[in-house]
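Every number in this text was worked out from the coordinates using simple rules, so none of it is lab data. Treat the numbers as computed from the prediction; the structure is a model and nothing was measured. Cβ placement follows ideal geometry from the backbone for every residue including glycine, while neighbour counts extend to all protein chains displayed.
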Amino acid sequence: MSDATATIPPGAQLLGREWLGTDENGQALIRFQAQPAFTNRHGTIQGGFLAAMLDSATGICALAALPPDLTVVTKGLDTRFLKPAAVGPITALARVVERTDRDMVVHADLVDADSIVVADATARLRILAKK
């Protein structure tokens, strides 16, 4: 894990983000804690929180793939909500699928405690020099 993934911003703290490392396929593993306060009128996790988890996971995956003098900003996040998500741990599996000198594309799946993919997203990120 690079220095860029060591500092946890307030939004990531709210989501309970925890870097777990990479799996045997090189995918970044990031766990979130979906809180009761994140639920909608149906008792499932509201889509905006799932999108925030996906944005966080794709960003942290991109940062882990970059040297510490570079950072990324999200240009677009194409999100799909596939199944209702319950309160509890949700794990993101994220991987870089494309990279140029200026841009990166990262895909992530959100998997619940029962190993069901509840949402996924493809992020388009701009690579920038850190200020």
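Laid out as a table, the results:
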| quantity | calculated |
| --- | --- |
| Kirkwood-Stokes translational diffusion coefficient of segment 60-131, alpha-carbon pairs, 37 °C, 0.692 mPa s, µm²/s | 251 |
| Rg and Dmax of segment 3-129, Cα atoms only, in Å | 13.9, 44 |
| Those lysines that a straight Cα-Cα span of less than 22 Å connects to Lys75, excepting residues fewer than 8 apart in one chain | Lys130, Lys131 |
| Relative contact order of segment 61-131, pairs being alpha-carbon contacts under 8 Å that are 6 or more residues apart, as % | 40 |
| ³J(HN,Hα) computed for each position of segment 104-113 - Karplus, 6.51 cos²θ - 1.76 cosθ + 1.60, integer Hz, glycine/proline x | 9, 10, 10, 10, 9, 10, 9, 10, 7, 5 |
| Which of Asp103, Asp55, Asp69 has the fewest Cβ neighbours within 10 Å, and the rest in rising order | Asp69, Asp103, Asp55 |
